[in-house]
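The next block holds one structure in the form of structure tokens; read it before the comments.
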Amino acid sequence: MVQDLLLKKSKMTKSTSINQNKIKIICDKICDRIYDLLDHLNLEYRDNGRFITMSCPIHGGDNDSALNLYYTGDTYRGNWNCRTHHCEHTFKASIIGFIRGVLSHNNKQWNKNGNPTVSFQEALNYAIDFLNLSLSEIKVSNDEQNKNIFINNSKLLAPVSTNTNPNNRSVTRNIVRKNLEIPSRYFMDRGFSQEILNKYDVGDCIADNKEMSHRAVVPIYDIDYTHMIGCTGRIIYDKCKQCANYHEQNQDCINKFPKWRHSTGFKTQENLYNLWFAKDYIKSSGYVILVESPGNVWKLEQNNIHNSVAIFGSNLSDRQKTLLDISGAMSIIVIMDNDEAGEKARTQIYNKCYRTYNIHNIKISKNDIAEMSDEEVHNEIRKFI
């Protein structure tokens with residue numbers, strides 16, 4: 001009886017492994033035809049070269065840059081995330097999970113947890129029908145299985161690093177500063193001081209035919225503050241009142257640009273903005289302040305609060321928590337934006353960190369820290385840290 005059960009378990013494990021390998025092949029085939037899929041689902045989207053941006057079709061949002069879908073890459077194609085409601089937590093951040101989320105919204109009117117959803121199998125069937133093939137037609141070679149096993153093991157053994165793109169190791173601070181108009185006129189017009197923008201090398205890229213052309217660029221540095229490991233840029237144009245997208249105001253609505261763009265290869269979920277400056281303050285004080293964006297960090301710095309790091313959104317990843325774990329912090333002060341996404345972020349951070357940290361939440365009166373006056377920062381934040 002025991003041998004029969006062990007044999008049955010062994011067969012089940014092997015079958016699951018084969019199915020997972022086939023599913024990966026299906027995901028790759030869908031990503032090869034990503035535009036056909038999005039058109040088939042009647043979705044509006046923008047291609048940014050290495051990923052696709054759109055308003056989230058799963059919870060029905062209207063922020064046209066809320067969802068990023070990464071269809072390129074060698075190991076995990078089809079990864080996606082909803083930066084406002086984090087729908088990937090419900091439907092999983094795979095292309096099949098994306099399909100399942102869209103179908104759940106379209107067929108079941110899903111827009112929040114607790115609503116009915118379509119099953120994973122229904123989403124898989126949709127993908128198979130879309131590709132016009134069957135599981136029996138997909139053959140997984142031994143080489144492919146061994147490759148997938150190696151990739152999965154490599155991910156588990158990969159060391160934590162703040163340098164996600166080795167190609168950027170040659171980009172020194174001097175090179176960054178020579179290629180940007182610092183301080184950024186765009187961010188100065190939004191109330192940030194020349195001193196703080198100079199400190200963080202924030203400048204406008206006015207050159208044409210660059211990845212960050214016509215953007216206010218925010219460099220992200222390694223822990224030693226010597227090399228740029230990536231950057232993010234905000235388009236300098238305002239939102240068009242006619243098409244609700246971003247482009248030069250004297251141009252027609254054809255040439256559209258995403259509001260924010262990360263540099264190729266940079267993974268926000270593996271980094272903490274400002275860790276290079278904040279690390280010594282965190283270690284000596286024993287606490288770290290978590291905020292959503294670089295602008296929040298700048299506002300705190302302008303008010304002589306030096307312990308903050310930004311998580312690039314409203315979700316603390318496993319890698320980011322590991323960086324916190326080695327920072328020397330004993331307590332976390334959470335200051336998220338004053339909106340629904342910020343509330344979800346506070347809950348997510350607490351659930352991830354409460355076992356190892358003392359956690360304190362500070363709710364602010366403005367939508368985010370960057371909108372606060374110095375007096376408000378003093379009364380609502382500084383008094384409590």
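The values are calculated or read from the model by the stated rules, or taken from the named source; none is laboratory data. These numbers come from a predicted model, not from an experiment. Here the Cβ positions follow ideal geometry from the backbone for every residue, glycine too, while neighbour counts run over all protein chains shown.
Below are the figures for this structure:
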{"quantity": "Residue in the range 79-90 that is modelled with pLDDT under 95, hydroxyl-bearing (Ser, Thr, Tyr), buried (at least 19 other Cβ atoms within 10 Å of the Cβ) and farther than 19 Å from Arg46 by Cα present", "calculated": "yes"}
{"quantity": "Given (1) at pLDDT below 95; (2) at negative phi, index of the condition Arg100 fails", "calculated": "(1)"}
{"quantity": "The listed residue being more than 28 Å from Asn113 (Cβ to Cβ) and either in the same structural domain as Asn304 (by TED's automatic domain parsing) or not in a helix (DSSP H, G or I) (or both), out of Ala341, Ala370, Ala345", "calculated": "Ala370"}
{"quantity": "Neighbours by Cβ (under 6 Å, 6+ apart or cross-chain): first from the range 171-195, in the same structural domain as Ile235 (by TED's automatic domain parsing); second of a type in the set (Gly, Ala, Ser) and surrounded by 15 or more Cβ atoms within 10 Å (Cβ to Cβ)", "calculated": "Leu180/Gly203; Glu181/Gly203; Ile182/Gly203; Ser184/Gly203; Ser184/Ala216; Tyr186/Ala216; Phe187/Ala216"}
{"quantity": "Residue ID - surrounded by the most Cβ atoms within 10 Å (Cβ to Cβ), chosen from residues in the range 232-287 that are assigned to a strand (DSSP E or B) and at pLDDT below 75", "calculated": "Tyr246"}
{"quantity": "Residue under evaluation Ser314, criteria (1) buried (at least 23 other Cβ atoms within 10 Å of the Cβ); (2) hydroxyl-bearing (Ser, Thr, Tyr); (3) under 19 Å from Phe192 (Cα atoms), criterion not met", "calculated": "(3)"}
